[in-house]
1. For the stretch 444-475, enumerate the residues that are open to solvent by 20 Å² or more (accessible area, probe 1.4 Å), farther than 18 Å from Leu375 by Cα and either modelled with pLDDT under 90 or within 17 Å of the chain's Cα centre (by Cα) (or both).
2. Can we say Thr41 is modelled with pLDDT under 80, farther than 30 Å from Leu270 by Cα and within 27 Å of the chain's Cα centre (by Cα)?
3. Checking the structure you have, find out if any residue of the stretch 27-48 is under 30 Å from Ile300 (Cβ atoms) and either of a type outside the set (D, E, K, R) or assigned to a helix (DSSP H, G or I) (or both).
4. Going through the stretch 96-128 one residue at a time, which ones are within 24 Å of the chain's Cα centre (by Cα) and of a type in the set (Val, Ile, Thr)?
5. Where the second residue is open to solvent by 40 Å² or more (accessible area, probe 1.4 Å) and the first is of a type in the set (A, V, I, L, M) and lies in the stretch 110-126, which pairs have Cβ atoms under 6 Å and are six or more apart or on separate chains?
6. Quick check on my filter: what residues within the stretch 99-153 are assigned to a loop (DSSP other than H, G, I, E, B) and open to solvent by 10 Å² or more (accessible area, probe 1.4 Å)?
7. Do you know which residues across the stretch 282-308 are modelled with pLDDT under 85 and assigned to a helix (DSSP H, G or I)?
8. May I ask you to list the residues in the stretch 341-394 that are over 23 Å from the mean Cα position of the chain (by Cα) and of a type in the set (Asp, Glu)?
Amino acid sequence: MTRLSVEMLAADAPEPITSAGHAQLGIAVLAGIAVIVLLITKFKLHAFLALTIGSLALGAFAGAPLDKVLTSFTTGLGTTVAGVGVLIALGAILGKMLADSGGADQIVDTILDKAGGRSMPWAMVLIASVIGLPLFFEVGIVLLIPVVLMVAKRGNYSLMRIGIPALAGLSVMHGLVPPHPGPLVAIDAVKADLGVTLALGVLVAIPTVIIAGPLFSRYAARWVDVPAPDRMLLSTGGSPQAPAQRASEELDKRPGFGATLITVLLPVILMLAKALVDIVIDDPANLVQRVFDVIGAPLIALLAAVLLGVFTLLRPAGYSKERISPLVEKSLGPIAGILLIVGAGGGFKQTLIDSGVGQMILEISEDWSIPALLLAWLIAVAIRLATGSATVATVSAAGLVAPLAADMSTTHAALLVLAIGAGSLFLSHVNDAGFWLVKEYFGLSVGQNLKTWSVMECIISVVAGGVVLLLSLVI
C-alpha cells in the first residue's frame, strides 16, 4: 500500500462548517449523541431515522448552516455505502452460497469436531486473527459472520461466547498490526521502522486478543445471553434446517472441505499478497505492484471469491445456471436495512468531522504535559470518542505527536505508533459505522451492543495501551 502523508491529509482537510467555539461544539456533540440514543431506546425509532435526525440536531446545536449539514451527512453516507456497501453485498452473496451449498456446514462440522467445548472461543479468536491479518475489519466481518452464527447455533453456544472472540481478533489486527492502513499511516508520520513495529505489534496483540476475546466473552455471554438471530441465519442460509432443505430440493451433495476453504480464504490470500508486494516493492509506478493493487483490492478479492464459489460450491451441490440468480437475489434482500444504518452512521461521523470536532481535540491537547506514549494514546482516544473514526483518530494523533519521535529510539518510535493504534480503538459507540454493523449482524439492541462490543473495544484499547507502556520500561 502506498503510505499516506499526514501533512497531505491535513492540507486536504476542509474548513469546518461552523465557527462555534469549543464549548458550544462539545455541547453539540453530546446533544447529537443523546438525541440518537433517546430516539432509538425511548421512542423505538429505526436507527436510520435516528441517525439522520441526530446529525441534523448536531448541526443545529453547533450553529452550522443546514445546507452544509445536509451535504456533510449525505457525503458521509455515500462514502460509507460506497466503501462498505458493496463489500457487505458481496459478503452476503458468498455467505448464501456457502450455506445453501453445504459448504458452511462442512466448515462448521470440522470446527465442531476439532474444537469443541471450552476450546471453541480460542479456536474462533485464532481463526479471526489469521483471517484479519490482511483484511479490512468490514471484510473480515462479512466473511466470518456465516461461520460464527452457524457455530453458535449448531453447537448450542451463546452468540457472545463465539462472536466476541472473533470480533476481538479482527479489531486487534485492524488497529495494531501493519499492513492495515491505520498503523501504516502512523508509521509514516513518526518515521518508525515497519519491521520493528510489526514485530512489537504482534507481541502486543497476543495478550490483548486473549483478554478481550476468549476471557471477556465469558462475562459478555452472561450480560447478554442471546441466540444467533434467525433473520441473519436465513440471509446467509445458515439455519440448522439447511441440510434438510437441501435434501428436499434434491441437493444431496455438498462441496468438499478443501474447495470450501480455498473459496473462503481466496480474499485473504489476494489481499495478503497485495500487502506483501506493497511492502517489498513500494513503487506505485511498478507494473507488478499495480497489478496486485487491483487484484488485492477488497472489492475485487471478494468478487473473485463469489465467482469461484459458483464453480466450487454451487455446481458440486447440484445448482443449475437458472437457480444462481434467484439465490443472489434472496441474499441481498435482508441486508438493505443494514446498509442504510451503516451508511447513516457514516453520515453522522462525517458531520462530526466537518464540524471541526477533531481539530478541537487537537487544539485542546496541545497543552497537555504528560509522557509521550500516554499523550499519544489519550489524544487518539479523545478523537475516536468525538468522531467515531479509528482512521481519523490515528491520522490526527500521529500528526500531532510526530515531532516527539525525533529523539526516540527505533523501538520507542514503534511503541508510539502502537500507542496511537490502541487509543484509536477505544469505545466504539453510536457515531461509529462499525457499531451499527456489529449490532445489526448480531441482532442486538443498542444497550446490548454497548455492553458487549463497545466494552470489548475499551478492553482492547486499555490492555494494548498498558502493554505498550510496560514494554517501554523494559526495551
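The values are calculated or read from the model by the stated rules, or taken from the named source; none is laboratory data. These figures come from a predicted structure and were not determined experimentally. Here the Cβ positions follow ideal geometry from the backbone for every residue, glycine too, while neighbour counts run over all protein chains shown. Accessible surface is based on the protein model in full, side chains and every heavy atom, while ligands, DNA and RNA are left aside. Shrake-Rupley method; radii C 1.70, N 1.55, O 1.52, S 1.80 Å.
1. Those that are open to solvent by 20 Å² or more (accessible area, probe 1.4 Å), farther than 18 Å from Leu375 by Cα and either modelled with pLDDT under 90 or within 17 Å of the chain's Cα centre (by Cα) (or both): Leu450, Val455, Ile459, Ile475.
2. Yes.
3. So far as the stretch 27-48 goes, yes, one or more of its residues are under 30 Å from Ile300 (Cβ atoms) and either of a type outside the set (D, E, K, R) or assigned to a helix (DSSP H, G or I) (or both).
4. Answer for the stretch 96-128, where residues must be within 24 Å of the chain's Cα centre (by Cα) and of a type in the set (Val, Ile, Thr): Ile107, Val108, Ile111, Val125, Ile127.
5. Partner pairs satisfying both residue conditions: none exist.
6. Passing the criteria: Ala115, Gly116, Leu133, Pro134, Phe136.
7. Pro298 - this is the single residue of the stretch 282-308 that is modelled with pLDDT under 85 and assigned to a helix (DSSP H, G or I).
8. Scanning the stretch 341-394 gives Glu363, Glu366, Asp367.
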